[in-house]
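Comments concern the structure below.
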Amino acid sequence: MTLKGQNIYLRALEPEDLDFIYEIENNEAIWHVSNTQTPYSKFLIRQYLENAHQDIYEAKQLRLAICLNNSNDAVGLIDLFEFDPMHQRAGIGIVIMNDSNRNAGIGTEALSLLINYAFNQLQLHQLFANIGSKNEISIALFSKFGFEKIGIKKDWNKINGSFEDEILYQLINH
């Protein structure tokens, strides 16, 4: 199974993920990562989940739940977005909820599985990630897989009243 690792697996979103996604989308502490400015209702998230069956070629994105092998409950989400089959590229993003799940190798394993899927199943040529310059954990995670810093967007995001740079990282499938 392409999306199963030693400790975690990635699965399609289910209607039962409503409360988990609601919690993530309405967590103001991470809104700056997803450029969210307003809360999402359960109604809107339910509509999103009803359309989550669309494949990546139709929706231009793929959002997967990150689950521990012994559970169906999501501990995080990992996304391919801005999927462009003509140019064979997509953006990639990840969020792990709860401090107890961070620094446990979950993000590393999830990113490894999705990179493998993107390059081998979807035949992508490149992946990119937009990471805030102060997000040292994400910078370290993506750098571990060979993502290279290719540009800095100066004063790109306004966070807590001050502007911060965003760094563009890229991984080419050679």
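The values are calculated or read from the model by the stated rules, or taken from the named source; none is laboratory data. Computed from a predicted model, the values in this text were never measured in an experiment. Positions of Cβ are backbone-derived with ideal geometry, glycine not excepted, and every protein chain shown enters the neighbour counts. Remember, those area values only see protein heavy atoms, side chains included, never the ligands or the DNA or RNA. Shrake-Rupley method; radii C 1.70, N 1.55, O 1.52, S 1.80 Å.
Every condition in (1) touching a residue at least 12 places away in the same chain (Cβ under 8 Å); (2) closer than 20 Å to F119 by Cα; (3) open to solvent by 80 Å² or more (accessible area, probe 1.4 Å) holds for E58 except the one numbered (1). Picking from residues in segment 95-114 that are surrounded by 20 or more Cβ atoms within 10 Å (Cβ to Cβ) and touching a Ser or Thr at 6+ places or on another chain (Cβ under 9 Å), the one that is modelled with the lowest pLDDT is G107. Residues that are free of Cβ contacts under 8 Å to residues at least 40 places away in the same chain and open to solvent by 20 Å² or more (accessible area, probe 1.4 Å) were ranked within segment 115-133; the one that is nearest to K60 (Cα to Cα) is Q123. Within segment 24-41, residues that are under 16 Å from L77 (Cα atoms) and modelled with pLDDT of 65 or more have Cβ atoms under 7 Å from residues that are in a loop (DSSP other than H, G, I, E, B) and open to solvent by 50 Å² or more (accessible area, probe 1.4 Å) in these pairs: E25/Y40; N26/P39; N26/Y40; W31/Q37, counting only partners at least 6 apart in sequence or on another chain.
Right, K42: within 20 Å of I106 (Cα to Cα) and open to solvent by 40 Å² or more (accessible area, probe 1.4 Å) or not? Give the steps one after another, and end with the answer.
Values: within 20 Å of I106 (Cα to Cα): no; open to solvent by 40 Å² or more (accessible area, probe 1.4 Å): yes.
In short, no.
With the requirement that a residue be farther than 24 Å from M86 by Cβ and open to solvent by 40 Å² or more (accessible area, probe 1.4 Å), what does segment 134-152 give you? Residues satisfying the conditions are K134, N135, E136, I137, A140, S143, K144, F145, K149, I152.
To keep it simple, each residue is scored yes or no on (1) part of a strand (DSSP E or B); (2) more than 21 Å from L3 (Cβ to Cβ); (3) touching a Lys or Arg at 6+ places or on another chain (Cβ under 7 Å); (4) at pLDDT 95 or above.
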site: N72; (1), (2), (3), (4): no, no, no, no
site: G76; (1), (2), (3), (4): yes, no, no, no
site: I92; (1), (2), (3), (4): yes, no, no, yes
site: K134; (1), (2), (3), (4): no, yes, no, no
site: I150; (1), (2), (3), (4): yes, yes, no, yes
site: L171; (1), (2), (3), (4): yes, no, no, yes
site: H174; (1), (2), (3), (4): no, yes, no, no
